[in-house]
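Here is the structure we will look at, set down as structure tokens.
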Amino acid sequence: MVSAAEEKGETGAMPENNNRPTPAAVIATPGDLLANIPGILGFYPRESVVFTAMYRKPRSYRFELGPVIRVDLDELRYLPEISSALNSAEVDMVFAFVIGPDTASATCDQAVEQLFESSEPELLDIAACWVTPGIYSGEVYQLAFGPPPEALENDPSGLSDWENGRIPPITEAAATRSMLSGGHLPEVTRDEAFAAFDRGNTHLTPHVIHELESQVEVDAGELMQGVFITGEEFFAHAIDRFGVLVDRCEGLTMAETLVDTEMLGQAAAYLVNPLTRDAVMHFFVERPAAASDLGFAIAKTFDGVVRANALCLYSLAVVRRNLGMKTNPALEAALRTAPGHNLSVLLRHGLNEGRFDETIEACLRGNAMVREQYAGKGQSRGGCTGTAEAA
């Protein structure tokens, strides 16, 4: 989680809160939980406190992982906001992990003391807290406060290696494997995770990008003119043309995508106006791998509302790819680019609350309404299927 000051300020910063369930896996020790954190957040947290919340499964002693929230070690003055977020999520159990290079330092001691003092049902009911120098394979962790092992002996949900242990291989954690399956790995630091969304297409010169931006404005104007003057047939074909661009991106490396100025320019024209942006939204849900690469490349190349819209559509696609940890830095970058950008704000709110499926379904309902209104009942060959049609 970023500071509450940033969260409420002009930056539009977003809490580092990932509610997307990790792939099914048995978590038997606190070390197992720690090993999954980099894959959940998308980076290795340092000098942080990480809260892992859980829901009790109905008619079972088992729990499933819920929201995971990170805050800087020196930002625990924002515990009320964290407590409010977790209480709103109606979680059943919360564990805390204090991560610092020197677990005996005054900073870590103060953090543990503050967490202990705040650990009350009406505030932030922390079941247990551990300290560790860092989240690395083989690193040690130690119980700071919580029930002793003997108190868990008669509890079928008790964890083993409760008081201390070592973090198992992070590459074998379910969350890391999920990232690997999507072609990603956790970044070494938070800064690197967020820097990945800085604008900058180094494959093109500033002059080429400037000319491309100028042409995109012209193309976007002609696109909107065609929608309102030519009518349904034009709009349906326009949607199909965007699908062809997604086809073209399929199988390309990111470097190849970033140098394809024709493809980037034609696709970016759809992201100038909300109407055409919403009309092609379903491609990012139905074909998330190719579409997310296209959205990312547009965001690296262009600025302003085009970049913000590209980052929003990219966020929908990566959620579909079970890479929800990428939405935090992407949407923060969108709001830095275009403060108050409506779609970014709406997505940030929904995704940060953990309403991944509901948010996607709401976007698809809007997408279907736009295509129905402007493209007619026949819509386009790239019409939504499955969930999209049901929405």
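The values are calculated or read from the model by the stated rules, or taken from the named source; none is laboratory data. On a predicted model such as this, the values are computed, not experimentally measured, just so you know. A quick note on method: Cβ atoms are made from the backbone with ideal geometry, for glycine too, and the neighbour counts reach across all protein chains shown. Note: accessible area is taken over every heavy atom of the protein model, side chains too, but ligands, DNA and RNA are not part of it. Shrake-Rupley method; radii C 1.70, N 1.55, O 1.52, S 1.80 Å.
Look at (1) touching a strand residue (DSSP E or B) at 6+ places or on another chain (Cβ under 7 Å); (2) assigned to a loop (DSSP other than H, G, I, E, B) and you find that Pro339 fails only one, number (1).
Considering only residues in the range 42-61 that are open to solvent by 10 Å² or more (accessible area, probe 1.4 Å) and within 19 Å of Ala173 (Cα to Cα), the one that is modelled with the lowest pLDDT turns out to be Met54.
For the range 90-138, the candidate set comprises residues that are of a type in the set (Gly, Ala, Ser) and in contact with a Gly (Cβ under 7 Å, 6 or more places away or on another chain); within that set, the residue that is nearest to Arg190 (Cα to Cα) is Ala128. None of Glu213, Glu256 is open to solvent by 20 Å² or more (accessible area, probe 1.4 Å), touching a residue at least 12 places away in the same chain (Cβ under 8 Å) and under 18 Å from Ala299 (Cα atoms) except Glu213. Taking the range 78-119 as the range and being of a type in the set (A, V, I, L, M) and either more than 27 Å from Lys57 (Cα to Cα) or part of a helix (DSSP H, G or I) (or both) as the test, the residues that pass are Leu79, Ile82, Ala85, Leu86, Ile99, Ala104, Ala106, Ala111, Val112, Leu115. Can you name every residue in the range 353-371 that is modelled with pLDDT under 90 and either over 22 Å from Glu332 (Cα atoms) or in contact with a helix residue (DSSP H, G or I) (Cβ under 7 Å, 6 or more places away or on another chain) (or both)? If the condition is that a residue be modelled with pLDDT under 90 and either over 22 Å from Glu332 (Cα atoms) or in contact with a helix residue (DSSP H, G or I) (Cβ under 7 Å, 6 or more places away or on another chain) (or both), then Phe356 is the only one that fits.
For the range 270-284, a tally of residues being in a helix (DSSP H, G or I), open to solvent by 10 Å² or more (accessible area, probe 1.4 Å) and of a type in the set (A, V, I, L, M) returns 1. Screening the candidates Phe197, Phe242 for the property of being assigned to a loop (DSSP other than H, G, I, E, B), of a type outside the set (Asp, Glu) and surrounded by 15 or more Cβ atoms within 10 Å (Cβ to Cβ) yields one hit, Phe197.
Among the residues of the range 1-17, none qualifies, meaning not one is surrounded by fewer than 20 Cβ atoms within 10 Å (Cβ to Cβ), at pLDDT 75 or above and either in contact with a Ser or Thr (Cβ under 8 Å, 6 or more places away or on another chain) or under 21 Å from Leu347 (Cα atoms) (or both).
Condition check ((1) modelled with pLDDT of 90 or more; (2) under 26 Å from the mean Cα position of the chain (by Cα)) across all residues:
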residue: Pro67; (1), (2): no, yes
residue: Val91; (1), (2): no, yes
residue: Phe95; (1), (2): yes, yes
residue: Asp102; (1), (2): no, no
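The lone criterion from (1) surrounded by fewer than 24 Cβ atoms within 10 Å (Cβ to Cβ); (2) at pLDDT 95 or above left unmet by Gly350 is number (2).
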